């Protein structure tokens, strides 16, 4: 909940044309990349199998040639030797040079992420790598969908007084190869009504980060940070899937995780009268109770009592009646674990007899405390 309090972490991308973070050399740049004109995706068809590879550099007098390699998803180089790009004609005072070439792709090349690596060779024969660019290639062939299995995920997570971690992993396989798996993810559906999380889809990783132990082993993992407060308790539904570069979705694994807060609270030290005499003016019925929780005071969602009215003991329409530990409604000291309230009894209109008050506390994990029952006679 990426750890995802439910998951926002930096990624590094190659091939961004806006800020040119694909430039390799961090030292003073001899050859400045102005733009890369190669697209980010390419789909093979018999009538269109050529990728247009292009790069524009700031004009430099010592450039002899510009070349590139096309590197496949398995890190093999498709071309036997660097491909020399052709220089386009530009105006003498333009300040830049553009180089381009067309490279034929094959339907037998696997779909996946390709890297185009650009080089500049100077007039002295020195070659520098100046940029890399990512290209998603679809060979147009029908490939089977990935398959996921071996889910690792807890059934129950207990929220404590510090951050807790929810770890999940799943094994993903593809008959074409791991390189054909574009993403492994899960969608989270939240209690109490099962609405989808705004962070969906939540990505799992096989690169040694985000809790993943071994990169490239086909086990995709991530973890979610669960803070002590602010997480909705209840049953979460996680739906895991993988997706290929051809857009094929794997089988779906559905797993429920119950998120709950600490143990049930305990109440004691009830303060309440046994008898209240109705007078000619408003009277006040004051009650308080001490509430504790082993996790901490923050885990107590509410302290309350239910009132049952004479003569037949039916439940009051005001139930549950909350008690407070915030310095209001008769509470003397805020956050001292003593929850209090008072009830105003007017001179007329109050049914006389024996009232049964049932006191309880409730945790954010919906755990109820012990119950203290006390009778108050109003006369």
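Would you confirm whether any residue within the range 329-339 is under 27 Å from residue 232 (Cα atoms) and buried (at least 18 other Cβ atoms within 10 Å of the Cβ)? Yes, the conditions are met somewhere in the range 329-339.
Could you please let me know if residue 75 is surrounded by 12 or more Cβ atoms within 10 Å (Cβ to Cβ) and in the same structural domain as residue 55 (by TED's automatic domain parsing)? No: the conditions fail for residue 75. Of the candidates 228, 215, the single residue that is surrounded by fewer than 19 Cβ atoms within 10 Å (Cβ to Cβ), touching a helix residue (DSSP H, G or I) at 6+ places or on another chain (Cβ under 7 Å) and not in a helix (DSSP H, G or I) is 228.
Yes/no per residue for (1) in a loop (DSSP other than H, G, I, E, B); (2) more than 28 Å from residue 277 (Cβ to Cβ); (3) assigned by TED's automatic domain parsing to the domain that holds residue 271:
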residue	(1), (2), (3)
319	yes, no, yes
323	no, no, yes
326	yes, yes, yes
330	yes, no, yes
334	yes, yes, yes
344	no, no, yes
351	yes, no, yes
356	no, no, yes
374	no, no, yes
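Does residue 69 satisfy the criteria of being modelled with pLDDT of 95 or more, surrounded by 12 or more Cβ atoms within 10 Å (Cβ to Cβ) and assigned by TED's automatic domain parsing to the domain that holds residue 121? Against the criterion (modelled with pLDDT of 95 or more, surrounded by 12 or more Cβ atoms within 10 Å (Cβ to Cβ) and assigned by TED's automatic domain parsing to the domain that holds residue 121), residue 69 qualifies.
Here is the figure for the range 275-306: residues that are farther than 15 Å from residue 325 by Cβ and modelled with pLDDT under 95 total 13.
The values are calculated or read from the model by the stated rules, or taken from the named source; none is laboratory data. Remember, predicted model here, so these are calculated numbers, not experimental data. Every residue, glycine among them, receives a Cβ derived from its backbone with ideal geometry; neighbour counts consider all protein chains shown.
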